[in-house]
Each structure stands twice: as C-alpha cells, then as structure tokens.
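Worksheet: one structure, shown below.
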Amino acid sequence: MSLSAGRTDGRWRLLVAEDMRASRLLLQALLQRAGHEVVAVEDGAQALSMLRAASFDAVVLDLHMPGMDGLDAAVAIRRGPGRDARVPLIALSAESPEEAGPRCRAAGFDAVLPKPCDARRLFALIAALRRGADAAIPHRPVGAPG
C-alpha cells in the first residue's frame, strides 16, 4: 500500500537517486521544502534496495549514474514484485527529450524531466501523478513544455 493512499495533505514519500551530490542535495531540499518526505541515494542499486525495504509514493531516477543507471533501475523496478512494480517513476536527463524519451518509455518510466530540473515542472508532475492523471504516456513529446 502506498503511503499516499490514505493521505489528503498532498505530501508524498519520495525516493531520489542522483549520483551528483550537489544535484541530489538540491532535489532533496526542494522536495522537502514542498512538504514531501525524501530519501536520497547515490545510484540505482541503492534505490532498488531502499524501494524493497520501504514504501514510496514515487521514485525520481537520474538516467546517468555509475554502476546501475536509471534505465537499468527502472527495468528492475518494473520487473519486481507487487507494489514496487507499479510505483510512479520519474526520469531526470540532460539528454534531449527526443533522445531520452523512447528509451525511458521502454524502460517503464512514467515521465521524463530535463536537467537542470525546473522545480515548478517537477512539482506539477508530482501533483499530476498524485491526482492519478495519465502522466505515463503524454500526448506530447516526453519532456516537452507543459
């Protein structure tokens, strides 16, 4: 059961995987200031471990991390058991939406955000996922301005 299932306050428990310390700390601070609980890790393998140990409402994965990258982590999550396989996945990528989008959809991501991450777009995406909006396969190119 997702942490948000019984919550009405709009706060989510989020898992962030980003290898760049400054980016990880920035994301964590932005999301915490917005009222979310955030667990931040350095790579995809740590994200998988955390996801298997605790319940999260969404996972934010950088695509390019040493060891297990975001794409490999997404595939592993989607192939996993139960609730973990259905958790919303958000990719962060410095690549163009045209380049990253198809690979991200194939890996099972629900959405792709370009880096550097725009806080307003990230918050809007989390709100859309929270409302149950179909952010999984947007009707415009992944990462296109909303």
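General remarks:
- Put in order of Cβ neighbour count within 10 Å, fewest first, the listed residues HIS36, HIS64 become HIS64, HIS36.
- Estimated D of segment 11-131 in µm² per second, where Rh is the Kirkwood radius over Cα pairs and Stokes-Einstein applies at 37 °C, 0.692 mPa s: 236
- Modelled this way, with points 7 Å down the Cα-to-C-beta line, the labels at LYS115 and ARG86 are 3.1 nm from one another.
- Inter-label distance, nm, simple model (7 Å from Cα along the C-beta direction), ALA127/LEU25: 2.9
None of the figures in this text is laboratory data; all of them are computed from the coordinates on show. None of the values given here were measured: they were computed from a predicted structure. As a convention, Cβ positions derive from the backbone with ideal geometry for all residues, glycine included, and neighbour counts pool all protein chains shown.
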